[in-house]
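Novice: Have a look at the structure that comes next, please.
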Amino acid sequence: FFPGLTAMEKKLAEYKCNTNEAIQLKLVRFPEELEDDNTTFNPEYSHQVFGDDEVAFGYKGLKILLLFRIDYTSKVNEKFDCVEADDVESKIREIIPPGFCTNTDDFVSLLEKEVNFKPFGTLLHTYSVHNEEAGDDITYQIYKADMTCPGFREYHERLQTFLMWFIETASFIDVDDERWNYFLVFEKYNKDGATLFATVGYMTVYNYYVYPDKTRPRVSQMLILPPFQGEGHGAQLLETVHRYYMSSPTVLDITAEDPSENYVKLRDFVLVKLCKDLLCFSPGRLMQGFSQEMVVEAQQKLKINKQHTRRVYEILRLRATDMGDAEQSRSYRLDVKRRLIGPYKKKQRELAKMRRCLRPEELTNQLNQIDLNMQHEQLEESFQQLVSDYRRVLERLAQA
């Protein structure tokens, strides 16, 4: 089971627990849900708290219930020479704000006060989603908040701890910087005749200054909590945020910080949905190629930057192209590949400059760093991958 380990090492290896499995999170509305394992979910990441291995040492059967309670079946003791169990509690206390519950009764009494909770900030958008289980439509609302809203600072402190468990590169933000905007999604539900609100997810956006009198909002972190994922809330949130900034004459365009693959897919869908009815994206115009007119219209009307407009153009042109027609298909492929080859051509130009001014031995060194094997297969592979991503966006658009 543990080949080549001493008896002592084998013994100690039994006291290692995967922290992504040990940590258990719950979103609780009713006291009976505390005992319901179906409401429990695990984090995707715990490396920010427990190190790159995502392991806690010193326990068997470790469970960390983020109410906040720690259970285990056994723990290492001093009989093991110089071995100490990890202080799991203090590691977690570092990222969880003070004032949390460690006792179920306290938690239940706090739950009763939830009736008084109301969303923070300004209501931007209301929508509903049909829920098969409930056999009914459920209403959701999106609000924009900031730190001047009473109670929001404390609420945000708790909410942002979720980022650490679900975003690989998450970090806490400086809430005293007024250039942050916060967008929150809530579900409306009824309990004993009262209307209550449950947190579904949120997004933080930072407003960068652009000379002389504009701002460029940059999406920093976005999270839809796991029990609500796959229901379309991310698209509703991103579209609402875009529409919010679209109405502002001082906003230049919207970007994102180090976007994940999933975020790019979501953004493709939302931006294509917003752009598809613009005149410059009509099928006839699309077949004539990417134009400056598209860049200007998408930026002025929808606050979309040039790079994202180009992706939207490629996706919508794919929709307008009959890929079974040899001529149309070839024209589309060449158009996309011309863009894909751009960065390689830039490298080749840089290399030509180096040839003129570097000594031979320096050039060999540089050549090793710049891979010129921009093979035909590589380009074709990139193209095929893009087309399959684009098709998924178009399938989602057809269902919307």
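The values are calculated or read from the model by the stated rules, or taken from the named source; none is laboratory data. Here the structure is a predicted model, which means the values were calculated and not measured. When we count neighbours, we look across all protein chains shown, and the Cβ atoms used for this are built from the backbone with ideal geometry, even at glycine. For accessibility, only protein heavy atoms count, side chains too; no ligands or nucleic acids. Shrake-Rupley method; radii C 1.70, N 1.55, O 1.52, S 1.80 Å.
Novice: Report, to the nearest whole %, how much of the accessible area of region 118-258 belongs to carbon and sulfur atoms, 1.4 Å probe, protein only. Walk me through the numbers on the way to the answer.
Specialist: Numbers: 3140 of 6720 Å².
Its accessible area is 47 percent carbon and sulfur atoms.
Novice: Which of the peptides 388-399, 304-315, 11-22 is most tightly packed, and how do the rest follow, judged by the mean count of other Cβ atoms within 10 Å per residue? Kindly include the intermediate steps, with their values, before the conclusion.
Specialist: Numbers: 388-399: 14.2, 304-315: 20.2, 11-22: 17.4.
Packing order, densest peptide first, comes out as 304-315, 11-22, 388-399.
Novice: Also, quick follow-up: What do you get when you divide the Cα radius of gyration of region 118-258 by 2.2 N^0.38 Å, with N the number of residues?
Specialist: 1.09
Novice: Can you tally the net charge around S260? Count Lys and Arg as +1, Asp and Glu as -1, for every other residue whose Cβ sits under 11 Å from the Cβ of S260.
Specialist: Spelling it out: positives minus negatives among the neighbours equals -2.
Novice: Label-point separation (nm) for A85 and Q300, each offset 7 Å from Cα along Cα-to-Cβ?
Specialist: 6.7 nm
Novice: Counting Lys and Arg as +1 and Asp and Glu as -1, what is the net charge of the other residues whose Cβ lies under 13 Å from the Cβ of F383?
Specialist: 0
Novice: Still on this model: Sorted by accessible area (1.4 Å probe), largest first, how do Y45, Y143 line up?
Specialist: Accessible-area ranking of Y45, Y143, largest first: Y45, Y143.
Novice: Using θ = phi - 60° and the Karplus form 6.51 cos²θ - 1.76 cosθ + 1.60, what ³J(HN,Hα) does each residue of region 377-391 get, whole Hz, x for Gly and Pro?
Specialist: 4, 4, 5, 5, 4, 4, 5, 4, 4, 4, 4, 5, 5, 5, 5
Novice: Right, here's the next one. Subtracting the Cα-Cα distance from 0.36 nm times the residue separation, let me have the gained length for N42 to K60 in nm, one decimal.
Specialist: 4.7 nm
Novice: Grab the beta carbon distance between F383 and K188, set R0 = 56 Å, and tell me the FRET efficiency rounded to 0.05.
Specialist: For R0 = 56 Å, the calculated efficiency reads 0.80.
Novice: Distance cut-off 27 Å, Cα to Cα: go down the list K214/K301; K214/K345; K63/K118; K144/K301 and report the pairs above it.
Specialist: Those over the limit are K214/K345; K63/K118.
Novice: Between the alpha-carbon centers of region 317-338 and region 198-266, tell me the distance in whole angstrom.
Specialist: Rounded to whole Å, the Cα centres lie 31 Å apart.
Novice: Could you calculate the FRET efficiency of I167 with L279 from 1/(1 + (r/R0)^6), where r is the beta carbon distance between them and R0 is 30 Å, rounded to 0.05?
Specialist: Step by step, r from the Cβ atoms, then E = 0.20.
Novice: Ranking request for peptides 287-295, 251-259, 131-139: highest mean number of other beta-carbon atoms within 10 Å first, then the rest in descending order.
Specialist: Packing proxy ranking, top to bottom: 251-259, 287-295, 131-139.
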